[in-house]
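Comments concern the structure below.
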Amino acid sequence: MYKRLSEDEELGKLATSRDVLARRHLLEETEILKKCEKNGQIADFTIAELEEKANSAFLESIAFLDTQEMHLIYINFLIERLNLNSQYLNDERFERLNDAFYKLESKFKISVDYLVKWIRYLITFKKIDEAFEKIEKYLDEFKSNKDLWTLYLELNINKNAQEDKILQVFYKSIDNIKQNEALELWETIFEWSLDSQSQNAEKLLQLGSSLMVKEISTIARTKYLEWAEKINDFKLKEVYSNLRQIPPYSYEFFLKYIELEKSRLHEKDVEFAYEDALKHFGNETIDLWIQYMCFKQKIKKTQDIAGLYWRAMKQLDSDLIEEFSHKFCLFKLNSTDGHTFE
């Protein structure tokens, strides 16, 4: 097969054929790795020699077939090799990959997917200035790409940029990308604002809590509760009161408030929150009913459990009744034995 690919002029013009021919130099790799592992030897240096042959073959192919397809095939090969993660070969592999990206960029229009890969490797190998340079060069062209904005925000945070700069990048990013693609950006800005104790933390949490994208608002609201709890009891209740009736409703939000009020031993507030949660999730969440019963048992209000049982039987979707009945029986058995059902 390799002889035919080498001698056939038409096949030789195909980038895929060139790929196969270059990779043939690594055919012995698996066997070498097995032998070295058996003998307790390091295989990296032997592999490096094979890899050098494959690399030379790829460069010859690019010189012969200087197309975008051939460049990308070579880059994909280099990414595969770098992802093998050898402590001895990683730096050399990265330098080859970085050089290949620069050559691709100089001759062809680079796609945003490959650009993001390139930037991630620049960051991994501590080429921070180059990473900044690439993002700022292409951000206007790919301004709707969430990955570029996320990387740019993270770079500014890790660089300890001024707060105004970090916020400027964040607000510009959410103006340019789709709201349902912005989760990672919001997570990043929340983590930064809370860790740095930014004066803008509450403003950001409020903004995130107001969004109709449930993934984002859920994270914002749970973090908002945690932030408020660290201030004082009044602030915690204020935040919960302001958000409890605002959609999109989140099961996690109610559970977080219940958890925080339980830790403060505020029984009435816990009961109030359970009732709020049941209004929105009582038809679909069996464990919410069981947890509420466990709480009633713990605070010595066992007289309320029968009422909760009948409410659950009426409110739960019909296809959940059998499972609920089973879990309720387990709850009762554990209660009889003096244990708490989980």
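Summing -39500 (n - 2.57) over the DSSP H runs of n ≥ 4 in the chain and dividing by its residue number, what mean residue ellipticity at 222 nm do you reach, to the nearest 500 deg cm²/dmol? It lands at -23500 deg cm²/dmol.
Just how large is the dipole of segment 118-250 about the Cα centre, in debye to the nearest 20, putting +1 at every Lys and Arg Cβ and -1 at every Asp and Glu Cβ?
About 220 debye.
The angle separating the long axis of helix 214-231 from the principal Cα axis of greatest extent in the chain is about 60 degrees.
Gain on full extension, evaluated as 0.36 nm per residue between Ile79 and Lys107 minus their Cα-Cα distance, stands at 8.1 nm.
Could you size up the charge dipole of segment 101-185 around its Cα centre, putting +1 on the beta carbon of Lys and Arg and -1 on that of Asp and Glu, and report it in debye to the nearest 20?
Details: 15 positive and 15 negative charges, 73 e Å.
Using only the charged Cβ atoms, the result is roughly 360 debye.
Modelled this way, with points 7 Å down the Cα-to-C-beta line, the labels at Ala48 and Ser263 are 5.1 nm from one another.
Counting every pair of alpha carbons in segment 60-171, the share spaced more than 19 Å apart comes to 49 percent. Projecting label points 7 angstrom from Cα along Cα→Cβ for Arg23 and Ala306 puts them 7.2 nm apart. The peptide list 296-302, 207-213, put in order of mean Cβ contacts within 10 Å with the highest first, becomes 207-213, 296-302.
Computed from backbone phi with θ = phi - 60° and the Karplus coefficients 6.51, -1.76 and 1.60, the 3J(HN,Hα) list for segment 104-109 is 4, 4, 6, 10, 9, 6 Hz; x is used for glycine and proline.
Taking 0.36 nm per residue of sequence separation and subtracting the Cα-Cα distance, how much length would be gained by fully extending the chain between Ala63 and Gln179, in nm to one decimal?
Working: separation 116, 0.36 × 116 = 41.76 nm, distance 4.42 nm.
Going from the current span to full extension adds 37.3 nm.
Which of (i) 20.9; (ii) 15.8; (iii) 26.6 is the computed mean projected area of the Cα convex hull in nm² for the structure on display? The value matching this structure is (iii).
Think of the chain as a dipole: +1 on every Lys or Arg Cβ, -1 on every Asp or Glu Cβ, centred on the Cα centre; then among Ala57, Pro247, Ser86, Pro247 lies furthest on the positive end.
Axis angle, to the nearest 10 degrees, between helix 267-281 and the longest C-alpha principal axis of the chain: 60 degrees. The stretch between Glu322 and Thr16, if pulled fully straight at 0.36 nm per residue, gains 104.4 nm over its current Cα-Cα span. Against the longest alpha carbon principal axis of the chain, how many degrees, from 0 to 90 and to the nearest 10, is the axis of helix 68-82 turned? Here the helix axis deviates by roughly 70 degrees.
In summary, the lysines within cross-link reach of Lys137, defined as a Cα separation below 19 angstrom excluding same-chain residues under 8 places away, comprise Lys103, Lys107, Lys109, Lys117, Lys126, Lys127, Lys146, Lys159, Lys165, Lys172. A 1.4 Å probe run over segment 256-342, with the rest of the protein chains in place, finds 58 Å² accessible per residue. Note on Arg23: accessible area is roughly 70 Å² with a 1.4 Å probe, heavy atoms of protein only.
When the gyration tensor of segment 258-320 is built from Cα positions, what are the square roots of 5 times its three eigenvalues, in whole Å, from largest to smallest? Mind dumping the intermediate values first?
On the way: eigenvalues 84, 35, 14 Å².
Equivalent-ellipsoid dimensions as semi-axes: 21, 13, 8 Å.
Ignoring any ligand, DNA or RNA, what whole percent of the accessible area of the chain comes from carbon and sulfur when the probe is 1.4 angstrom? Taking all protein chains in place, the chain shows 49 percent carbon and sulfur surface.
At a 10 angstrom cut-off on C-beta neighbours, averaged per residue, how do the peptides 224-235, 318-329 rank from highest to lowest? Write down the numbers at each step before the final one.
On the way: 224-235: 16.5, 318-329: 12.9.
Highest mean packing first, the order is 224-235, 318-329.
Ranking Tyr138, Asn158, Ala182 by how far each Cα lies toward the positive end of the dipole of segment 125-209 (charges on Cβ) leaves Tyr138 at the top. Assuming charge only on the beta carbon of Lys and Arg (+1) and of Asp and Glu (-1), the dipole of the chain about its Cα centre is about 820 debye to the nearest 20.
The values are calculated or read from the model by the stated rules, or taken from the named source; none is laboratory data. The shown structure was predicted, so the numbers you read here are calculated from the model rather than taken from an experiment. Glycine gets a Cβ as well: all are built from the backbone with ideal geometry, and neighbour counts include every protein chain shown. When the accessible area is computed, the model is the full protein with side chains, heavy atoms only, and any ligands, DNA or RNA have been set aside. Shrake-Rupley method; radii C 1.70, N 1.55, O 1.52, S 1.80 Å.
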